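The values are calculated or read from the model by the stated rules, or taken from the named source; none is laboratory data. On a predicted model such as this, the values are computed, not experimentally measured, just so you know. We place every Cβ from the backbone using ideal geometry, glycine too, and count neighbours over all the protein chains shown.
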Amino acid sequence: MQEGGFKMVPSITRRQFLKASTAGSLSFASLGCSALGPTMAPASFEHPQAGKYNIYFGDLHNHNEVGYAQGSLDRAFEIAREHLDFFAFTPHGYWHDIGHYENSIEKKWLDGFEVTKRRWPEVLQAVRKYDQPGRYVPIAGFEWHSTSLGDYHIIFPTLEAEYIRFDDLRKFQSFAKERGAIMIPHHPANRLGHRGANLARLDPDASPVIEIFSEWGNAEHDRACSPYVRHTEGGRWTQNTLHHFLEQGHRLGVIASTDDHLGFPGAYREGLAAVLATELTREGIFDAIRNRRTYALTGDRIALDFQLNGQLMGRELPYTRRRELAVTVTGWDQLDRVEILKNNRVLHRDFPMDRVPAASSWKKPVLLRFEYGWGPWPALDMTRICDWDFQIRVEGGLLEDVQPCFQSGPLDETRRDKILERSDKHLRIQSFTALRQQFEDISTKAVVLKVRGGPDTRVNIALNKPANVSLSQTFRQLADSGEMLFTGDFPKESAMLHRLVFHDHYQTSYKVTDTDDGKNLNWYYLRVIQSNSQHAWSSPIWVEPRAGKPNV
């Protein structure tokens, strides 16, 4: 028995399991599950939970044509409403110490700031127009650049947000605190003096969290995945990473957000913020951020519950020698490893991917990812937009949940990625792809289905666009291999139904005990790495040193 009660079953291998399934000896009914028929009610599409809180997913840092990025204002709010719980639009607002640069490129920024000033009333109008507490929460904000102090974006807790230009950071921080607003440092790992975070000037009352991941890359540490490669300012400076900040005694929660410049909030692979809140309201979201009940995601909406002695992420706890660390993680792909870090070093690693599926694995829902959008690469000079319209139907199973994985490119004002229909038996998706403006040279988009079924459950995919083609596979087949769907001869677009992921591999729950003599401040956080390279990082939990001992 592994810690946390997850039972390992080494007596049957994956190959033996699949062989038995194929032979029919592991029928769904024989595993103690009643037949899945029309009398079974579908599961509700609920938010995951951590402790007593719901987990909500959103984007707190995104750009469009209001400023100096691309994409219309209404389009951004529409896209966010389709697949996010909350969204902060943060147009480029001001750069107090901008210089004069080669080819006078500063004009791009200066002109953008004037656009934001002129259209600020439209921003507030959009926030009010799309506000649906309990369903979808839009938030007003703007971005403040600084060569010497690092970039921030401010987000406002009410619909009455003010756009003001500040030359002095202290005055900006006072302004934020007076209004209950929050200022979030972003792309912190640039070098100090090159728009990197200057935490010597940070006010934790105004800035309780820091954005550690976005389309810029990953600021966890200077050797972490996703280096800074897409911008002019250079790579990651060791002294401006999360690890260094924590070592220096800063107590910051973490989020991620896209910083996308194509007006696509929540763009897949570019960053997401998760908050633990009692309700989906502006008040609930801001309370979560102020109390650091937050975590950072790259794309997949991994559910994290990380506690120390029953206290959630973000807390500061008095000294105690014995610490029980409790972890529950539910991913949207195979979990490669789940790591507890203490003082920036791995304390414990869990490897869900190494578990061996058993006959009982069919009793839990499986994950099924349909990915689409491979096509002619740019060298062929065929960078067309491909429209997709398809249905996914489940026979002999129940569709319990869905995760969309829609990326920002290509920019198109008339097209939308949407789940048009959804029931416990089917999905209908409208989407589009192209091998241009794609993030990290990946043109594909996807949907992930969580389905309760058995070896004989069948999934049928029928494309109406870009061609009338179809694919049908049983779960027994998909447990052994993924399958391709081609829309025509080479180099026509193609899609893939990935090998299914068992609950054994996408969920883990365990406890670890640590003891410490309390000589120094300790901090713990959780890091999750899926097999598809999607990550999650919890906010830390701090444990104070023993009385009379040094702090850091």
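Mind listing just one residue for me: the one in region 81-98 that is touching a helix residue (DSSP H, G or I) at 6+ places or on another chain (Cβ under 8 Å) and within 24 Å of ILE419 (Cα to Cα) and, of those, surrounded by the fewest Cβ atoms within 10 Å (Cβ to Cβ)? That would be ARG81.
Of the listed requirements (1) within 20 Å of ASP389 (Cα to Cα); (2) small (Gly, Ala, Ser); (3) touching a Leu at 6+ places or on another chain (Cβ under 8 Å), GLY488 misses just one: (3). Of the candidates ASN551, ASN532, ASN520, the single residue that is modelled with pLDDT under 95 and closer than 29 Å to PHE213 by Cα is ASN551. Restricting attention to region 441-477, and to residues there that are in a strand (DSSP E or B) and without any contact (Cβ under 8 Å) to a residue 24 or more places away in the chain, which single residue is farthest from TRP377 (Cα to Cα)? Looking at residues that are in a strand (DSSP E or B) and without any contact (Cβ under 8 Å) to a residue 24 or more places away in the chain, I get THR474. Given the condition assigned to a loop (DSSP other than H, G, I, E, B), closer than 29 Å to ASP260 by Cα, touching a strand residue (DSSP E or B) at 6+ places or on another chain (Cβ under 6 Å) and not hydrophobic (A, V, I, L, M, F, W, C), answer yes or no: does some residue in region 424-435 qualify? Checked against the condition, which is being assigned to a loop (DSSP other than H, G, I, E, B), closer than 29 Å to ASP260 by Cα, touching a strand residue (DSSP E or B) at 6+ places or on another chain (Cβ under 6 Å) and not hydrophobic (A, V, I, L, M, F, W, C), region 424-435 yields no hits at all.
Total residues in region 277-314 satisfying the condition of being under 22 Å from ASN218 (Cβ atoms) and not in a helix (DSSP H, G or I): the figure is 16.
Let me confirm something: among PHE264, PHE245, PHE286, which residue is touching a Leu at 6+ places or on another chain (Cβ under 7 Å) and either aromatic (Phe, Trp, Tyr) or at positive phi (or both)? Break it down stepwise before answering.
Numbers: PHE264 fails: touching a Leu at 6+ places or on another chain (Cβ under 7 Å); PHE286 fails: touching a Leu at 6+ places or on another chain (Cβ under 7 Å).
Exactly one of PHE264, PHE245, PHE286 is touching a Leu at 6+ places or on another chain (Cβ under 7 Å) and either aromatic (Phe, Trp, Tyr) or at positive phi (or both), namely PHE245.
Residues in region 175-195 that are of a type outside the set (Lys, Arg), surrounded by 14 or more Cβ atoms within 10 Å (Cβ to Cβ) and under 19 Å from THR90 (Cα atoms): PHE175, ALA176, ALA181, ILE182, MET183, ILE184, PRO185, HIS186, HIS187, PRO188.
Is it fair to say LEU478 is touching a strand residue (DSSP E or B) at 6+ places or on another chain (Cβ under 7 Å) and farther than 25 Å from GLU82 by Cβ? Criteria met by LEU478.
Taking region 338-416 and the strands (runs of 3 or more DSSP E) fully enclosed by it, no element has 3 or more residues that are modelled with pLDDT under 95.
May I ask you to say which residue of GLY373, GLY409, GLY453 is touching a Lys or Arg at 6+ places or on another chain (Cβ under 6 Å) and not assigned by TED's automatic domain parsing to the domain that holds PHE306? So that I can check it myself, show each step before the final result.
Details: GLY409 fails: touching a Lys or Arg at 6+ places or on another chain (Cβ under 6 Å); GLY453 fails: touching a Lys or Arg at 6+ places or on another chain (Cβ under 6 Å).
After applying the criteria, what remains is GLY373.
Look through ASP480, ASP517, ASP504 and report the one residue that is in contact (Cβ under 8 Å) with a residue 24 or more places away in the chain, touching a Phe, Trp or Tyr at 6+ places or on another chain (Cβ under 9 Å) and not basic (Lys, Arg). Going through ASP480, ASP517, ASP504 in turn, the sole match is ASP504.
Residues in region 371-417 that are aliphatic (A, V, I, L, M) and either within 23 Å of PHE264 (Cβ to Cβ) or in contact (Cβ under 8 Å) with a residue 60 or more places away in the chain (or both): LEU380, MET382, ILE385, ILE392, VAL394, LEU398, LEU399, VAL402, LEU411.
Take the conditions (1) surrounded by fewer than 21 Cβ atoms within 10 Å (Cβ to Cβ); (2) over 23 Å from the mean Cα position of the chain (by Cα); (3) touching a residue at least 12 places away in the same chain (Cβ under 8 Å); LEU202 misses just one of them, which is (1). Looking across ARG128, ARG179, one residue alone is within 26 Å of LEU272 (Cβ to Cβ) and either hydroxyl-bearing (Ser, Thr, Tyr) or more than 26 Å from the chain's Cα centre (by Cα) (or both). It is ARG179.
Based on this model, can you work out whether TRP388 counts as touching a Lys or Arg at 6+ places or on another chain (Cβ under 7 Å) and either closer than 30 Å to GLY488 by Cα or of a type in the set (Phe, Trp, Tyr) (or both)?
yes
THR232: at pLDDT below 95, among the hydroxyl-bearing types (Ser, Thr, Tyr) and assigned to a loop (DSSP other than H, G, I, E, B), yes or no? Considered against the rule, which asks whether it is at pLDDT below 95, among the hydroxyl-bearing types (Ser, Thr, Tyr) and assigned to a loop (DSSP other than H, G, I, E, B), THR232 comes out as yes. Does region 514-527 include one or more residues that are surrounded by fewer than 20 Cβ atoms within 10 Å (Cβ to Cβ) and closer than 30 Å to PRO376 by Cα? For region 514-527, residues surrounded by fewer than 20 Cβ atoms within 10 Å (Cβ to Cβ) and closer than 30 Å to PRO376 by Cα: absent.
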